[in-house]
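To start, the structure itself, in structure tokens.
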Amino acid sequence: MSGKVMLPMGIENFKEIRTGKYYYVDKTGLIKTLLENFGKVNLFTRPRRFGKTLNMSMLKYFFEVGTDIMPFDGLEISREKELCEEYMGKFPVISISLKNAASNTFEGAKKLLCGIIGDEALRFAFLSESDGLMETERRQFTKLIELDDKGEYSMSDEMLAKSLLFLSRLLEKHYGKKTIILIDEYDVPLDKAYQSGYYDSMVNFIKTLFGQALKTNDSLNFAILTGCLRISKESIFTGLNNFSVYTVKDVQYNEYFGFTDAEVRQMLEYYGFMEKYDVIKEWYDGYHFNNLDIYCPWDVVSYCHALKMQPSMEPQNYWVNTSSNDIVRRFINKADTTTKDEIEQLVNGGMIKKKIRQELTYRDLDSDIENLWSILFTTGYLTQCGQDDEGMTGLVIPNKEIRWIYEEQIQDWFHKETRKDVEKLENLGRAFEENDTETIEKEFTSYLRKTISVRDTSTKKKMKENFYHGILLGLFAGMNGWKVKSNAESGEGYSDISVEVEDKDIGIVIELKYAEEAAFDNACEEALQQIKDKNYEEILLDDGMRTIYRYGIACYKKRCKVITG
């Protein structure tokens, strides 16, 4: 491993990666493709952590006046000599990211936007003394970077709304070249505004900011925006000429966001991790951008970094931990019976067909459960699997990591729902305390029918058992006076679940099995035999429990059988 370049963990600055001896997957072909398919305003929508920000940084360093050509040495774009001669380092570039423009209030969001645009304007502080500008223009420029007595940018609302338009005009006058505008994560302020209740105000403001910079701007060469959602019904982009949108359903540019299979293989071979190829594919591949299979780059890089430190490291949920998964939670909470059946089909490795609407407003999210399918698809929680002649898109869960999110959210929803019925829970608990297997079987089966089961044939038996284990633990969490232990918490020496009902001196030992092909009797007997062979009740006796009940529980799909012994 010595002598290998480092992996760019959390680095989204193209120049830093290329000059700091980090591994870089060459996406500079994006530059040539963009210039050969010119659009005045271009929007790329991709899920988070698919390389949007790094690509925007790469574009900035390529086009910006005074750029250092060294970071591009040896890359695909460097072989395009005529193109580099004409475009590289030839244009003023305004480059901002709105990913941090998220506030609980509209006024707070505007302050954040002032800071973002003010910091970018400060990169061009030389404009305040530019001979290419009139004195009035130089004074106007200073208003973009002036600070108040708190050290914050003091732009008025009117100046902020015109800031990108005004800055691009000044840069054109100074350099004699039209300006390129790059706006990363353009939809973050709208998302936060929707969550925080000032959506209409933010829509109107962004519409003005973008409209002036992108629609009525004679100083604009071209613009590129990135985000997760395509938001056009809100009129943010209404009236833009030559407006090009590239989503995960389009064939253009699909290889430039995320890693292709060949790129992943090349990385694994470089670091000596090819033996991990199958598990990486299972966990982090599975996205279909039109006709191309794509891996989540954040996951692949993160796992390879972990493997460098600990070669035996198992795959982790890296993408999951980079942002909230509220969209899945909201979706499951809103789901009716039909939708729950469809979620179950997806979780179990199946496909469903839905009409995908890629032009949505945030208001549309909760107006119709069908719209949430489109959002799950656009944001990467589902991926496409073909399209029929009627325009219906096949949807599947892309990989093991994303499937884990659904399972976690499903269990969270189920536990909340079951705790609402106190009487039913008490009835189940009383049955365990009274060794009433008939009632246990009846009540547990009724709970299984309400949840979304996991029975994917590709899932190992132990994982299926863990699913039912989790459901039962969740039910027990609502039992008053029960001291519950799980093998996941207690290690060797305990059965799947042990319970001490201290005020009654009752100890309960439970072993769960998955009944392959509905072989309930065999699975129950196997569970009971394991309890006896490993003497699981010993710890309960040591804790003073006088009465011990042993339960072997076998589950299959949404049925169960319980025996005692």
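Things to note:
- Some residue of region 140-155 being of a type outside the set (Ser, Thr, Tyr) and in contact (Cβ under 8 Å) with a residue 60 or more places away in the chain: no
- Residue in region 97-107 that is without any contact (Cβ under 8 Å) to a residue 24 or more places away in the chain and in a helix (DSSP H, G or I) present: yes
- Hey, Ile402 part of a helix (DSSP H, G or I), of a type in the set (A, V, I, L, M), touching a residue at least 60 places away in the same chain (Cβ under 8 Å) and more than 23 Å from Tyr549 (Cβ to Cβ) or not: yes
- Being at pLDDT 90 or above and in contact with a Gly (Cβ under 7 Å, 6 or more places away or on another chain) is not true of Ile553.
- Selection count, region 167-189, where residues are over 20 Å from Ser57 (Cα atoms) and crowded, with 23+ Cβ neighbours inside 10 Å: 2
Table: residues versus (1) in a helix (DSSP H, G or I); (2) buried (at least 22 other Cβ atoms within 10 Å of the Cβ).
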| residue | (1), (2) |
| --- | --- |
| Ala262 | yes, no |
| Met267 | yes, no |
| His288 | no, no |
| Ser302 | yes, yes |
| Ser312 | no, no |
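- Top-ranked residue of region 323-342 - restricted to ones that are within 17 Å of Leu382 (Cα to Cα) and hydroxyl-bearing (Ser, Thr, Tyr), ranked as least open to solvent (accessible area, probe 1.4 Å): Thr339
- When restricted to residues that are of a type in the set (Asp, Glu) and within 45 Å of the chain's Cα centre (by Cα), region 130-145 contains 1.
- Within region 69-82, tally of residues that are touching a Leu at 6+ places or on another chain (Cβ under 8 Å) and either part of a loop (DSSP other than H, G, I, E, B) or surrounded by fewer than 15 Cβ atoms within 10 Å (Cβ to Cβ) (or both): 0
- Every residue from region 234-251 that is in a loop (DSSP other than H, G, I, E, B) and either closer than 19 Å to Arg357 by Cα or among the aromatic types (Phe, Trp, Tyr) (or both): Glu234, Ser235, Ile236, Phe237, Thr238, Thr247, Val248, Lys249, Asp250, Val251
- Condition check for Glu537: open to solvent by 70 Å² or more (accessible area, probe 1.4 Å), modelled with pLDDT under 90 and more than 18 Å from Thr437 (Cα to Cα): no
- Unique residue being at pLDDT 80 or above and over 29 Å from the mean Cα position of the chain (by Cα) when the list is Ser495, Ser446: Ser446
- Boolean, Thr33 is touching a Ser or Thr at 6+ places or on another chain (Cβ under 8 Å) and either among the β-branched types (Val, Ile, Thr) or part of a helix (DSSP H, G or I) (or both): no
- Answer residue from region 6-30, given it is outside any loop (DSSP other than H, G, I, E, B) and basic (Lys, Arg) and is surrounded by the most Cβ atoms within 10 Å (Cβ to Cβ) among those: Arg18
- Yes/no for Lys110 being surrounded by fewer than 20 Cβ atoms within 10 Å (Cβ to Cβ), in contact (Cβ under 8 Å) with a residue 40 or more places away in the chain and more than 25 Å from the chain's Cα centre (by Cα): no
- Count - residues of region 190-212 that are part of a helix (DSSP H, G or I) and either under 21 Å from Tyr61 (Cα atoms) or not aliphatic (A, V, I, L, M) (or both): 15
- The residues on offer are Ile145, Ile94, Ile116, Ile180, and the sole one that is β-branched (Val, Ile, Thr) and more than 29 Å from Arg49 (Cβ to Cβ) is Ile145.
- Residue within region 426-441 that is touching a Leu at 6+ places or on another chain (Cβ under 9 Å), surrounded by fewer than 19 Cβ atoms within 10 Å (Cβ to Cβ) and in a helix (DSSP H, G or I) present: yes
- Residue that is farthest from the chain's Cα centre (by Cα), among those in region 4-57 that are under 20 Å from Ile183 (Cβ atoms) and of a type in the set (S, T, N, Q): Asn37
- The residue of region 269-284 that is nearest to Arg49 (Cα to Cα), among those that are surrounded by fewer than 16 Cβ atoms within 10 Å (Cβ to Cβ) and in contact (Cβ under 8 Å) with a residue 40 or more places away in the chain, is Glu282.
The values are calculated or read from the model by the stated rules, or taken from the named source; none is laboratory data. Model, not experiment: these values are computed from the prediction. As a convention, Cβ positions derive from the backbone with ideal geometry for all residues, glycine included, and neighbour counts pool all protein chains shown. What goes into the accessible areas is simple: the full protein's heavy atoms, side chains included, and nothing from ligands, DNA or RNA. Shrake-Rupley method; radii C 1.70, N 1.55, O 1.52, S 1.80 Å.
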